[in-house]
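The values are calculated or read from the model by the stated rules, or taken from the named source; none is laboratory data. Everything numeric here is computed off the predicted structure, so don't read it as measured data. Because the Cβ atoms are built from the backbone with ideal geometry, glycine has one as well, and the counts that use them run over all protein chains shown. Side chains included, ligands, DNA and RNA excluded: accessible areas come from the protein's heavy atoms. Shrake-Rupley method; radii C 1.70, N 1.55, O 1.52, S 1.80 Å.
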Amino acid sequence: MSGFSEDMPFFDEPNARPAAPSGIAARAMAARSGQNSAPDYLKGLNPEQRLAVETTEGPVLVLAGAGTGKTRVLTTRIAHILNTRKAWPSEILAVTFTNKAAREMKQRIGLLIGEENVEGMPWLGTFHSIGVKLLRRHAELAGLKSGFTILDTDDVVRLIKQLIQAEGLDDKRWPAKTFAQMLDNWKNKGLGPDEIAEGDARSFGNGKGRQLYKAYQERLQTLNSCDFGDLLYHPIRIFRANPDVLKEYHRKFKYILVDEYQDTNTAQYMWLRLLAQRPNVGRSASAEGRKPDRASAGQAAPAGASERSERAAVSENKVNICCVGDDDQSIYGWRGAEVDNILRFDKDFPGATIIRLERNYRSTAHILGAASHLIAHNEGRFGKTLFTDRNDPDDDKVHVHAAWDSEEEARAIGDVIEAYQRPDRQGNRHKLNDMAILVRASFQMRAFEDRFITLGLNYRVIGGPRFYERLEIRDALAFFRVVANGGDDLAFERIVNTPKRGLGEATIRQIHDTARALRVPMLEAAASLAESDELKPKPRAALREVAANFERWRNALETSPHIELAETILEESGYTDMWKNDRSAEAPGRLENLKELIRSMEEYESLRAFLEHVALVMEAEQGESQDAVSIMTLHSAKGLEFETVFLPGWEEGLFPHQRALDEGGRSGLEEERRLAYVGLTRAKKNLHIWFVSNRQIHGLWQSTIPSRFVNELPETHVDVAEGGNSYGGYGNPYGGGAFASGRGGGRQNPYGASRFDNIGAKDQGSFSNTYATPGWQRAQANRTEATDRNWGTRSGHQVERIGYGETDSGYGAGRTSVKGRTIDGELVAKSVADTPSAFNVGDRVFHQKFGNGNIAAIDGNKLTIDFDKAGQKRVLDGFVVGV
DNA sequence: GGCTGGTGGGTTTTT
DNA sequence: CCCACCAGCC
């Protein structure tokens, strides 16, 4: 065999000079010098993983269950292809969904083949970032210029609103947001204006849906912009209309790898199919002849028609496409993901090898047993059963707890966290960083935040509006965008009067009209208006300054370093001064964020490169420096793992969510169940599930019953914690499952006392113990402790918010505050009003869940009742009876 | 331009 | 019930 020192395939161009082998190559050499054994990187893989790595030819589907080493397989496979010199780095297309996944993949491949060699993999990235790359190369084929801007959702909505108004439609009756959603759905399905279903087209804007879609695309073209959907949609159309371009990529990409295949939507599927479908040498003409060309034919087609014919055109050619995914973790159906893509893989790619990874390296046997049993209730799945060799008798079963209401649930979980945090026999303490609370809906988070603030327990909330979505950041970016692309009217409109320059609606309308009339961008229109006498002196002077500013900055774009330019823009525009003069509480933070924005530009070569990064990588920097419990939604927990996981809110209506059931039917329920599965499989060692008997929804107290998922857990792996009277009011509504043996009615725990039995009990004992917890004591001690920028002081302890910031509407800012709400579960407010009703104020009544109480106030059919035990609650009068 | 009161909506989110 | 959003006002 030839040596490794020559022709190492780690370079972008086949004729580049090779460098000395490093990383994996060096290690592989070392391994081979001694014996003929497999290269090092293959060692330690289990047989299935190894098969997935070594089956490089032909279509391969790797069904990778949770925690089975999916990323390892993907990265090793790439290293293997390179190492065996089957392809150059530039000949591998590797697609992920999120930037995070792409980053992780890059990093891990770097560990295998050497970081410098990963740089030679230009086609490793998200669907969208690869889409941009393709589109920049062939922009003119989509009617764009290469320097096009990528609009974010906010821009899109504003643009659509303008179009709706321009059509003379009532933008109240036909909300731009709704149409943006529809557009997104269409593009997710790869449907152009002429391909959408007639019914869909008619359902919006008095039947003007199709017209609006067309107008929107035309507008984008004049703005030299595209939206996120276009990043997939344009390449698809380009490939279909230009077989020669497609052929170029067929030649280029020898291997295609796709991560999280179960999350692909129809457009992504089409995109992949176009790239994967190689013309057969000698039969290429016929193969191409079969390919439909909707885009150039330009005729209407029923929804999905083009997709179907493409599917029918499957060739028997070997396609080196490897898709990795888990049908059981498909949780994004509601935003267009098609589980069917993965379920159909072997039909789409005949002769596909399907490899199952079922050996789990993450969780205990109890957790896996519970998860497997639960997911087995789904019908539409490949069917996998995770297993582990791990068999530690000390492993806890999955704990199921009941609580009275969400406040008690939060208190109880706080108590369990405190219990875990106490040093064990060996003196080890469970770190908060290794614990997470995963909720179905974000409103659930508040109870935990309230409770943890009271306890002084550090937590971090993950998700929500992000850094680049903050008001000041978006403003600053708008300035940059206009400088980089003078045709970016949306950005121009955003900041033309920022800081306030007296340019009101009338002037902006005039700029708009002039731009339309002259068919030029608004910036240009503004410049010419400023030189005309059509405006009053004041706005004219203001516009003249704006125009002069942008011209100056644009000239500087080529000459001065982009960071310097950015600073200049913010200074000269008066934007920084605007916040310096602002006396509000957020102003200093905003200035700080602007500085951070400038700092983050350093990594990029140019202003344009930076803007592209921002458009595609809208995410917040993760700071894991402090020890804190994570609170996040189940959706954002996908792909993560924690030592200990808490899953609150397992009640019918919340989880599975009522809307998923109403709107999604059986498949909706199955997606909810997959979400539950995702939740369960996040846990490595400890797993606690909670449900409450009463939950406040839209301000009213509702009785709830435990989620059917609770009953789908296998009894053998579950430990039902019983303490207190929380679950005492009713029997088990379901047969079978964890509650099948008729426990649940507040009886004795047949399993004997467990560590968590008293947690969650609403009795005086656990309540008073609260004050002895480490968290409480820490809260006392921490009251005066200083904190840094990311860690605001709230009630004297540290709260980190990852990804939460202020948006235009202040959503994020509002959520961080705790304004005079109840402390420790006791509501204190009292109000008395007299309204005629079947009941009278002062009446003694009985409520099935809350017991006896006196009516404090009546508002129509809503009663405010002071319950003897449960405190004051608002309930519907139908739920109580007089006593 | 900034405040106020009325109204509607309230699951999950990446790019 | 709580909140975001918008129209209408000063």
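Selection over the range A:582-604 of residues that are without any contact (Cβ under 8 Å) to a residue 24 or more places away in the chain, open to solvent by 80 Å² or more (accessible area, probe 1.4 Å) and more than 26 Å from the chain's Cα centre (by Cα) gives a count of 4. Of all the residues that make up the range A:110-134, how many are within 26 Å of residue A:248 (Cα to Cα), in a helix (DSSP H, G or I) and among the β-branched types (Val, Ile, Thr)? Residues that pass the stated criteria total 3. Considering A:700, A:687, A:661, the condition of being among the hydrophobic types (A, V, I, L, M, F, W, C) and more than 30 Å from residue A:880 (Cβ to Cβ) is satisfied by A:687 alone. In the range A:197-209, the residue that is most open to solvent (accessible area, probe 1.4 Å) out of those that are under 17 Å from residue A:164 (Cβ atoms) and assigned to a loop (DSSP other than H, G, I, E, B) is A:206.
Okay, residues lined up against (1) in a helix (DSSP H, G or I); (2) at pLDDT below 95; (3) in contact with a His (Cβ under 8 Å, 6 or more places away or on another chain); (4) surrounded by fewer than 19 Cβ atoms within 10 Å (Cβ to Cβ):
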residue	(1), (2), (3), (4)
A:671	yes, no, no, no
A:674	yes, no, no, no
A:679	yes, no, no, no
A:687	no, no, yes, no
A:694	no, yes, no, no
A:701	no, yes, no, no
A:710	yes, no, no, no
A:713	no, no, yes, no
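Looking across the range A:173-190 at every residue that is touching a residue at least 24 places away in the same chain (Cβ under 8 Å) and open to solvent by 50 Å² or more (accessible area, probe 1.4 Å), the one that is farthest from residue A:341 (Cα to Cα) is identified as A:178. Of all residues in the range A:60-94, which are out of contact with any helix residue (DSSP H, G or I) (no Cβ under 7 Å at 6 or more places or on another chain), assigned to a loop (DSSP other than H, G, I, E, B) and open to solvent by 10 Å² or more (accessible area, probe 1.4 Å)? Scanning the range A:60-94 gives A:67, A:84, A:85, A:86, A:88. Only a single criterion out of (1) farther than 25 Å from residue A:613 by Cβ; (2) in contact (Cβ under 8 Å) with a residue 40 or more places away in the chain; (3) touching a Phe, Trp or Tyr at 6+ places or on another chain (Cβ under 7 Å) is not satisfied by residue A:193, namely (2).
Restricting attention to the range A:87-107, does a residue exist that is in contact with a Gly (Cβ under 6 Å, 6 or more places away or on another chain) and within 16 Å of DNA strand B (Cβ to nearest atom)? Taking every residue of the range A:87-107 in turn, at least one turns out to be in contact with a Gly (Cβ under 6 Å, 6 or more places away or on another chain) and within 16 Å of DNA strand B (Cβ to nearest atom).
In summary, residue A:259 fulfils each of the numbered conditions (1) modelled with pLDDT of 95 or more; (2) open to solvent by 50 Å² or more (accessible area, probe 1.4 Å); (3) not hydrophobic (A, V, I, L, M, F, W, C) with the single exception of condition (2).
Condition check for residue A:450 on (1) farther than 30 Å from residue A:614 by Cβ; (2) surrounded by fewer than 18 Cβ atoms within 10 Å (Cβ to Cβ): one failure, at (2).
Put simply, of A:383, A:369 the only residue that is modelled with pLDDT under 95 and among the small types (Gly, Ala, Ser) is A:383. Regarding the range A:423-430, can at least one residue be identified that is more than 16 Å from DNA strand C (Cβ to nearest atom) and within 30 Å of residue A:567 (Cα to Cα)? Scanning the range A:423-430, I find no residue that is more than 16 Å from DNA strand C (Cβ to nearest atom) and within 30 Å of residue A:567 (Cα to Cα), so the answer is no. Selection within the range A:423-443: residues that are in contact with a helix residue (DSSP H, G or I) (Cβ under 7 Å, 6 or more places away or on another chain) and either at positive phi or open to solvent by 20 Å² or more (accessible area, probe 1.4 Å) (or both). The member of this set that is nearest to DNA strand B (Cβ to nearest atom) is A:440.
The condition (being touching a helix residue (DSSP H, G or I) at 6+ places or on another chain (Cβ under 8 Å), more than 16 Å from DNA strand C (Cβ to nearest atom) and basic (Lys, Arg)) is satisfied by just one residue among A:673, A:666, A:708, A:695: A:673. So which residues in the range A:117-172 are within 16 Å of DNA strand C (Cβ to nearest atom) and exposed (fewer than 15 other Cβ atoms within 10 Å of the Cβ), if there are any at all? If the condition is that a residue be within 16 Å of DNA strand C (Cβ to nearest atom) and exposed (fewer than 15 other Cβ atoms within 10 Å of the Cβ), then A:165, A:166, A:168, A:170, A:172 are the ones that fit. I want to confirm something. Restricting to the range A:146-196 and keeping residues that are hydroxyl-bearing (Ser, Thr, Tyr) and not in a helix (DSSP H, G or I), which single residue is farthest from the chain's Cα centre (by Cα)? Among them, the one singled out is A:146. Here residue A:654 meets the list (1) touching a residue at least 40 places away in the same chain (Cβ under 8 Å); (2) buried (at least 17 other Cβ atoms within 10 Å of the Cβ); (3) more than 16 Å from DNA strand C (Cβ to nearest atom) almost entirely, failing just condition (3). Going through A:566, A:628, A:615 one at a time, which residue ends up being under 28 Å from residue A:408 (Cα atoms) and away from DNA strand C (no atom under 16 Å from the Cβ)? Only one candidate passes the filter, namely A:628.
Take the conditions (1) part of a helix (DSSP H, G or I); (2) buried (at least 16 other Cβ atoms within 10 Å of the Cβ); residue A:513 misses just one of them, which is (2). Could you run through the range A:133-178 and say how many residues are of a type in the set (Phe, Trp, Tyr) and within 21 Å of residue A:488 (Cβ to Cβ)? Here the count works out to 1.
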